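Taking it in order: structure first as structure tokens, then the write-up.
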Amino acid sequence: MAGRLLSRGMIAGVAAAFLAFLFARIFGEPQVHLAIAFESAKDLAAGEPPEAELVSRGVQASFGLLTAAVMYGAAYGGIFATVFAFAYGRVGRFSPRALSALLAAAAFVVFVLVPDLKYPPNPPAVGLPGTINLRTETYFGMILLSLCAAAASFMTSRPLVRRLGAWNGTFVSIAMFIALIAAVQSGMPDINEVPTDFPATVLWRFREAALGMQIVLWATIGLIFGPMAGRILDEQDGRTGSAMEKL
């Protein structure tokens, strides 16, 4: 059953990645094009020669983007299915569809929303080459700390639910997660390398598109995987019931 769930997770991830690719192609690529044009205009004004393209923009925006999206979509889908298989029956009495949607929402918050609130994505022409290592380390550090805060809040949720009730215990756990994230983000270094003359509209719409792409990805995984997992689990329950009747 675990293998079947894993394959369904990868299928859901690939389907979600394709939809995310279409979203990025429609809403994200125009902002990338504007950012590159801004960078080229600055280089031209400074008398600097244009950088040679190892891969053309046409390939980057089509086959390159699609290939990257499908690869990480399949990986995310497989990991998602593994987490689902572990959580099913252990985290509340949720149906497969409800648990899938809940896990997708939690993954979006922990791995996308929280890190992006501190270190939002930037288009080309934003960011200094000398700080790329720092920016990479701080971003992945924020993801790790977000995961740790979520794990700590989850581990304390059960005692809180038993003591305070389902509603109050869940509310306190969420408040604890928010407080931990606020404390972590206040202690992480700020990075602000947006040029003063960079178009604010391009920056804002690029970040909207990047966030929307992740919303499409995780929402699709959660909504597609749930029904597929439900059918597999129903078949498994049917086989188990038949075996018990024979005994």
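The values are calculated or read from the model by the stated rules, or taken from the named source; none is laboratory data. Computed from a prediction, not measured in an experiment: that's the story for all the values here. Please note: Cβ atoms are built from the backbone with ideal geometry, for glycine as well, and neighbour counts cover all protein chains shown. Areas reflect the complete protein model, heavy atoms only, side chains present, ligands, DNA and RNA absent. Shrake-Rupley method; radii C 1.70, N 1.55, O 1.52, S 1.80 Å.
For the chain, relative contact order (Cα pairs under 8 Å, six or more residues apart, normalised by length) works out to 38 percent.
Note that region 95-146 presents 50 Å² accessible area per residue, ligands and nucleic acids not counted, probe 1.4 Å.
Residue ranking by accessible heavy-atom surface, 1.4 Å probe, largest first, among Val172, Val32 comes out as Val172, Val32. Where the accessible area of region 166-222 is counted over protein heavy atoms with a 1.4 Å probe, how much of it, in %, is carbon and sulfur? Reported share for carbon and sulfur atoms: 68 percent.
Stretching Ala179 away from Ala200 to a fully extended chain increases their span by 4.5 nm, per 0.36 nm per residue minus the current alpha-carbon distance. Just to verify a number: FRET efficiency for Ser186 and Arg231, C-beta to C-beta distance, R0 = 35 Å, to 0.05? With a Förster radius of 35 Å, E is 0.15. When only the Cβ of Lys, Arg, Asp and Glu is charged (+1, +1, -1, -1), the dipole of the chain relative to its Cα centre reaches about 1360 debye. Helices meeting the span-like rule in the chain (full DSSP H runs, Cα extent of at least 20 Å along the helix axis, mean Kyte-Doolittle score of 1.0 or higher): 2-23, 65-87, 166-187. Looking at region 126-165, none of the trypsin sites (Lys or Arg not before Pro) sits in a DSSP loop with at most 13 other Cβ atoms within 10 Å of its own Cβ. Helix content alone sets the calculated 222 nm mean residue ellipticity of the chain: runs of n ≥ 4 DSSP H residues at -39500 (n - 2.57) each, divided across all residues, give -26000 deg cm²/dmol.
In the context of the full set of protein chains, residues of region 147-228 present 60 Å² of accessible surface per residue (probe radius 1.4 Å, heavy atoms only).
Pairwise Cα distances in the chain exceed 23 Å for 61 percent of all pairs. Among the protein heavy atoms, those of Ser157 account for about 20 Å² of accessible surface (1.4 Å probe, every chain in place). Inter-label distance, Lys42 to Ser95: 5.2 nm, where each label sits 7 Å from its Cα along the C-beta direction. Tell me the label-point distance for the pair Ser62, Thr136, using the 7 Å Cα-to-Cβ offset, in nm and rounded to one decimal. That separation, rounded to one decimal, is 2.9 nm.
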